[in-house]
Amino acid sequence: MQFGVDLNLRNARVHTPLDLATDPETRALIKAGIKTTNCMGKKCNNSKFDFQNVQFYCESSGKFYCKLCSTKAWVFENKDSKIEERPVCRSDDILEQFQHSEKRLVDAMDTSDFHTLDKVYKEITDAETDIDVKLLDDAKVLHLRLEKELDIKNFITSVAHVEDYKTIRKSVTVLNNKFKDAEKLGVKVDEDLVSKINECSRRLISERNLRFEMENMYVSAATKDTVEKLQGLIELATDYSVEDKYMSAANNLCGKMNDNIVARETLQLLLDYPIREYPEPEPLDAKGKPIKTKDDKKKPKKRKKKEPAFPTPEWALQLEDVQKTVKKISDLA
Ligand SMILES: [Zn+2]
């Protein structure tokens, strides 16, 4: 009926199409066609149907039109079809409506904006508008991709600042699962976004490790190893653009630990410096001259074995350096 019939035409045995039809749906359709005496279109000015002006059934509108007011075509049955093997007949109004829907869909797809596409795509699918199946499938694929990408982008934004670093590892898992789930659905996530997912994961992990170590490091217990470890974490965190406030806190802590180590080393230097022994003052006579005792002369000139002299440390050679070293401790205290 899509390709035009005269429903009142009788065959050789004088049977009409209605006499021959057994399927209830087909019979209902034929009955509706018989009832329709005139074309619903505008071009023919509602022409009357007869054996010359036959009826064409527009499936999408469920109405009958004359040849002039309808368009016949072959379309793809499904998205994988290689040849157009599905016949369609559309009234001028329906054809115009479908073409308009297809254009709106193409325009929405061109924006690459999820919300724009979502609105048009849902309108078309909700109304079951019979547009080109291949275009509809392309829209479906893009719709899913934009939806998943938006979800990932929103999540990345939500973890720009993390209050409790203990939640970070879970957030990284959530983010990476979002990506894996999208891939499982056949979504080809945009390469730029894949890079952002990786950057975000690395930033979060390095921030978590830095904050975790900072919480468990004590200035008073600092060693060169702990400072080195913290410096390594700071370097990584710098590479992965961890938030400034954590970077400055870490640098501050690192500085304090370094100072503490220097203070303890300096204190040790001072403690290691031996107490100087001063010689007993020689006894003097009334005139202020040294009194020579007989013992002195008799005393065998035994030379005491010289103990190896304590090497004067570099910092103690000049008074100025000594003062600086001592000041260092008081500054750090
Ligand atoms: Zn017409």
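The values are calculated or read from the model by the stated rules, or taken from the named source; none is laboratory data. These figures come from a predicted structure and were not determined experimentally. Here the Cβ positions follow ideal geometry from the backbone for every residue, glycine too, while neighbour counts run over all protein chains shown.
When Phe76 is tested against (1) within 15 Å of the ligand (Cβ to nearest atom); (2) in the same structural domain as Lys140 (by TED's automatic domain parsing), only condition (1) is not met.
Set side by side, the residues Arg10, Arg90 differ, and just one is charged (D, E, K, R) and surrounded by 15 or more Cβ atoms within 10 Å (Cβ to Cβ), which is Arg90.
When Glu96 is tested against (1) within 16 Å of the ligand (Cβ to nearest atom); (2) outside any strand (DSSP E or B); (3) touching a residue at least 24 places away in the same chain (Cβ under 8 Å), only condition (3) is not met. Does Thr36 fit the bill of being surrounded by 12 or more Cβ atoms within 10 Å (Cβ to Cβ), of a type outside the set (D, E, K, R) and either within 11 Å of the ligand (Cβ to nearest atom) or at negative phi (or both)? Criteria met by Thr36.
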